[in-house]
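The values are calculated or read from the model by the stated rules, or taken from the named source; none is laboratory data. These figures come from a predicted structure and were not determined experimentally. Note: ideal-geometry Cβ built from the backbone for every residue, glycine included; neighbour counts use all protein chains shown. Accessible surface areas use protein heavy atoms only, side chains included; no ligands, DNA or RNA. Shrake-Rupley method; radii C 1.70, N 1.55, O 1.52, S 1.80 Å.
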Amino acid sequence: MATRTSSRHAAQKAKEAISTSAEPTGKTSKGTKRKAPTEEAPQPKKEKTEGIKPDEEKAEQVPGTSVDGPVPKKEEAPVKTEEPSEGQPSKEKVEGLPEKPQGIEAGLRKSEERENVISSNILEKGFIYFFFRPRVNIEDPQSIGDIARSFFVLRPTPLGTEFNQGQGPVDKDASCRLMMLPKKKFPTSAKERDMGFVEKAGQSMQALHEKFIAGKTYQTATRGERHTEEARPYAEGVYAITSTERASHLAYILTIPAELGAVQEDFGLQERGSWIVQSKNPKYAGPPIGQLPKDPEYPQSVLDKFEDLRWVPLRPEFLDYPNAQFLMIGEAQNDLGKAAFALGAKQRHEEEPGQELEKLEDENEHRVDALQGDATVYQDLGYHAKNYPKLPTTWNS
């Protein structure tokens, strides 16, 4: 697979040097490094936003639990075991049940050592997938004008997650959030700000595929048969939600595709970047064009965290409810911006957030290289790569 000349293995030595530095640096498409901006994070202003219409399909909560099979009976004489003392679990090993691998969670290996050095202002990290859905009856979109919707999926992982070339595809049954972006293009500057909302939460990728991503054919009274195209992935990477004194940030580094093209750039993505993200208090109505038919069903414990503010720095728990609204403000392009720094919030033994994100990116690049390259995105989503076209980097024309 072709490797990205600006950020792949040729930059390995630079990344190793980062671990001894107090401040991580961002990489650009030209191989240069830029420091994070020093200006204060811009505050969102109340303004007119694009209309927000949730998908017609209703979100259903799909249980993510599994039940162990029955323990097979053995026709042997019972083994004498010591009775556990009151309040203590039995030490007897149950036969017939597979042992859970130590340090494995959501299909990924956890490291206590790794978790101990992660900056305390990293609120969440994981995998991020970017999708688009073509307009009705448009099979081969030729520009962003042929796109009906843009959205992304966040798949959180344990903070201590680490993996290597032998990791394989990530667990397709892990809990995900589907985030809608009605404007289709991500904001690329502080002057651009877009409202989005959580379409589905607490769902596996398989459930998302069946209920939302898959295409469908239907009949209309005036136009006859209509076909909604299947949503298509166009990028995959790693992300982190970090907090600073005045704002929260969503930072990403793309791993797939190896070489970005017009498709990714037209959606406002670069090799890396970040946005300032804020959550809307459902207590206050938004502009008429940006209102949803139903508010998120936040418990009182979550509502209390909004206090009387209309907008607050985003916390991951705010995204765990369908119809939760959020604001994305353009912050950094080809750089991680303020999201890369703890800004005084970390302990002496902790690394900067940008260091952890770059470490995760490097591990993911090696994992992808050991699998199917750009086609790994289909494996991670639980699809059969042979049934899907090459990940798009240019528009069909």
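Over all directions, how big on average is the projection of the convex hull of the alpha-carbon atoms in the stretch 196-289, in square nanometres?
Average projection, Cα convex hull of the stretch 196-289: 10.1 nm².
What is the stretch 104-238 by shape, rounded, prolate or oblate, if you read a ≥ b ≥ c off the alpha carbon gyration tensor as root eigenvalues and call it rounded for a/c under 1.5, prolate for a/b larger than b/c, and oblate otherwise? Kindly include the intermediate steps, with their values, before the conclusion.
On the way: a/c = 2.71, a/b = 1.80, b/c = 1.50.
Since a/c reaches 1.5 and a/b is larger than b/c, the shape of the stretch 104-238 is classed as prolate.
Among the trypsin sites (Lys or Arg not before Pro) within the stretch 251-332, which fall in a DSSP loop and have no more than 11 other Cβ atoms within 10 Å of their own Cβ?
In loop regions of the stretch 251-332 (DSSP not H, G, I, E or B), the sparsely surrounded trypsin sites (Lys or Arg not before Pro) are Lys294.
Return the Rg/Rh value of the stretch 293-397, two decimal places, where both radii are evaluated on C-alpha atoms and Rh is the Kirkwood radius.
1.07
Which value, in debye to the nearest 20, describes the size of the charge dipole of the stretch 225-360 about its Cα centre when Lys and Arg Cβ atoms bear +1, Asp and Glu Cβ atoms bear -1, and nothing else is charged? Mind dumping the intermediate values first?
Values: 14 positive and 23 negative charges, 102 e Å.
That gives the stretch 225-360 a dipole magnitude of about 500 debye.
When you count, for each residue, the other Cβ atoms within 10 Å and take the mean per peptide, how do 176-182, 380-386, 359-365 rank with the highest first?
Those peptides, ordered most packed to least, come out 176-182, 359-365, 380-386.
Say each of Gln300 and Lys386 gets a label point 7 Å from the Cα, pointing the same way as Cα to Cβ; how far apart are those two points in nm?
Each label point is offset 7 Å from its Cα along the Cβ direction, giving 5.7 nm.
Which is farthest toward the positive dipole end of the stretch 211-260 among Ala258, His227, Thr242, measuring Cα position about the Cα centre, with Cβ charges +1 (Lys, Arg) and -1 (Asp, Glu)?
Positive-most Cα among the choices belongs to His227.
When the chain is fully extended, how far beyond the present Cα-Cα distance does His349 get from Lys185, taking 0.36 nm per residue of separation?
Full-extension gain reported as 55.2 nm.
If you count only protein heavy atoms with a 1.4 Å probe, what accessible area per residue comes out for the stretch 127-254, rounded to a whole Å²?
Accessible area per residue: 36 Å².
Please compare each pair in Lys183/Lys283; Lys125/Lys184; Lys110/Lys305; Lys200/Lys305; Lys172/Lys283; Lys200/Lys346 to a cut-off of 27 Å on the Cα-Cα distance and tell me which ones are over it.
Pairs exceeding 27 Å: Lys110/Lys305; Lys172/Lys283; Lys200/Lys346.
Any idea what Rg and Dmax come out to for the stretch 282-328 if you just take the C-alpha atoms, in Å?
Over the stretch 282-328's Cα set, Rg and Dmax evaluate to 10.3, 29 Å.
Run the numbers on the stretch 241-310 and let me know its relative contact order in percent, using alpha-carbon pairs under 8 Å that are six or more apart. Before the final figure, lay out the partial values.
Values: 49 pairs, mean separation 19.7, N = 70.
This gives 28 percent for the stretch 241-310.
I need the semi-axes of the equivalent ellipsoid of the stretch 114-169: take the C-alpha gyration tensor, multiply each eigenvalue by 5, square-root it, list largest first in whole angstrom.
36, 14, 7
Using protein chains only and a probe of 1.4 angstrom, how many square angstrom of Glu112 are accessible, to the nearest 10?
Result for Glu112: roughly 140 Å² accessible.
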